[in-house]
Amino acid sequence: MNCEECLDLITAYLDDEIAAKEARDFEEHLLACDACRSEFQQMRMVTDAVRSLPEVDLPLGFHGI
Amino acid sequence: MNAVSNDTGLKYKEEFGRQRRIATNQSVIELFNHYHSRLFMLRPLNQFAAMRTKKGASARLFRIDRKPSPKKPSKKNPPVEPTAVCKETLSEDDLVTLARQGDIEAFGILAGLYEKKTYNLAYRMLGNVEDASDATQEALTKAFSSIVSFKGMSSFSTWLYRIAANICLDELRRRKRNKVVPLDSPLSLPDGEIPRELPSPCETPEQILARKELLGDIQKFILSLSPDHRLSIVLRDIRGLSYEEISQLTGSSLGTVKSRIHRARQALKNTVLNEELSSSTNVASVDRVLRTRYAGDSSGQDKNAYHAGLETGAKECLEDIGVKPDDKNSKTEGGEGS
């Protein structure tokens, strides 16, 4: 797997929308490539931050009562 | 207050139960039109909430913890005869079928299942309680009025989210008149565009992102994205929809869904990184471009041209990105609610 292919798979990997074989190749490339690993870590940090946002409650008065 | 609310709920339930008996064969559209003005005066979801059983309405209004609902009957089970007593135990498919036949109570139960999730989608898209609440009410009202056109090609929730997403995008288009410029857009200059610069090389991007105050305020950065990027992030990472569901919702191919999410995340990441030097970076960008344009390559620096350009060009650029002179609070929308 080259860097271009690896970068293209970051999103699918984060979303678990990737085949097992591709995931293994992806991880192997990350272990060997600092640049791709850095990009992956940045994307993962941002994605984790979004996913950790709490679910907000409906505002009082939403049902008009 | 409890008694009053329950009385209110019973009143609406009786009223619409009576109406349902009278108009057994009327479509939901006809019913909706018949009560259109009245529903709007009372706010539509008033009815949807209150038309639940007494127990359900009470639990929602006063936030009494309830045991989890019994397991929904599987599709293999024979459909349960719809009676007022057991509708809350019906499967979602059965509720949708009843709602399409004009059963307002069934729609009320469906709305109750997804109103909070829909509200969260709207809140992350629009960034404030009032707009999110209005968008959610509008989405549920639209869903109610067009449930007969729901073909079941996707789940009810995906269909409802699509309605809500379109309402949010419409609202963002209306806001565009206010010239709120997404931070991930390039800087516009009179004779071209330049990309916004990445922050100082003193720290690695991971080190910058690791600062809690930056990612801790991620909602602010989501709201600074363009509407399309914002929607991709919200559907995937806030609402947790799969690529397949987003594909159904947006009518796009799986490949398109993936690439949109990828671009949206990159835009979000760059926006967070740019925030580090937001104001100073913008000024630095202007300064760099003006130096390139007015200083000349080999004939020496024309300082007068540079300074003249700096005065006019920098002002235009800063205005373009929404920063007025002496206005350090540029364009942050909303904040954490609830």
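Listed values, structure above:
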{"read-out": "Förster radius 25 Å - calculated FRET efficiency between residue A:2 and residue B:206 (Cβ-Cβ, nearest 0.05)", "value": "0.65"}
{"read-out": "Backbone N under 17 Å from the residue A:48 label point (7 Å along Cα→Cβ), restricted to the stretch B:217-235", "value": "B:217-219"}
{"read-out": "Solvent-accessible surface (1.4 angstrom probe) belonging to residue A:1, in square angstrom, nearest 10", "value": "90 Å²"}
{"read-out": "Cα-Cα over 30 Å, subset of B:116/B:151; B:151/B:176; A:21/B:220; B:151/B:258; B:117/B:151; B:151/B:269", "value": "B:151/B:176; A:21/B:220; B:151/B:269"}
{"read-out": "Chain lengthening between residue B:253 and residue B:134 when straightened (0.36 nm per residue, less Cα-Cα)", "value": "39.8 nm"}
{"read-out": "Exposure rank, largest accessible area first [A:55, A:4, B:275; 1.4 Å]", "value": "A:4, A:55, B:275"}
{"read-out": "Value of relative contact order over chain A, rounded to a whole percent, pairs C-alpha under 8 Å and six or more apart", "value": "33 percent"}
{"read-out": "Gained length - residue A:25 relative to residue A:55, 0.36 nm times residue gap less alpha-carbon distance", "value": "7.3 nm"}
{"read-out": "Karplus-derived HN-Hα couplings along the stretch A:15-21 (A = 6.51, B = -1.76, C = 1.60, θ = phi - 60°), whole Hz, x at Gly and Pro", "value": "9, 6, 10, 9, 5, 4, 5"}
{"read-out": "Residue-span extension gain [residue B:142 to residue B:91] - 0.36 nm each, minus C-alpha spacing", "value": "16.1 nm"}
{"read-out": "Heavy-atom accessible area ranking, 1.4 Å probe, most first, across B:105, B:130, B:206", "value": "B:130, B:206, B:105"}
{"read-out": "Accessible surface buried once A binds B (1.4 Å probe; total of both sides; Å²)", "value": "3500 Å²"}
{"read-out": "Solvent-accessible ranking of B:151, B:116, largest area first, probe 1.4 Å", "value": "B:151, B:116"}
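The values are calculated or read from the model by the stated rules, or taken from the named source; none is laboratory data. What you see is a predicted model; the values in this text were computed from it and never measured. Positions of Cβ are backbone-derived with ideal geometry, glycine not excepted, and every protein chain shown enters the neighbour counts. The accessibility values were calculated without ligands, DNA or RNA, using every heavy atom of the protein model including side chains. Shrake-Rupley method; radii C 1.70, N 1.55, O 1.52, S 1.80 Å.
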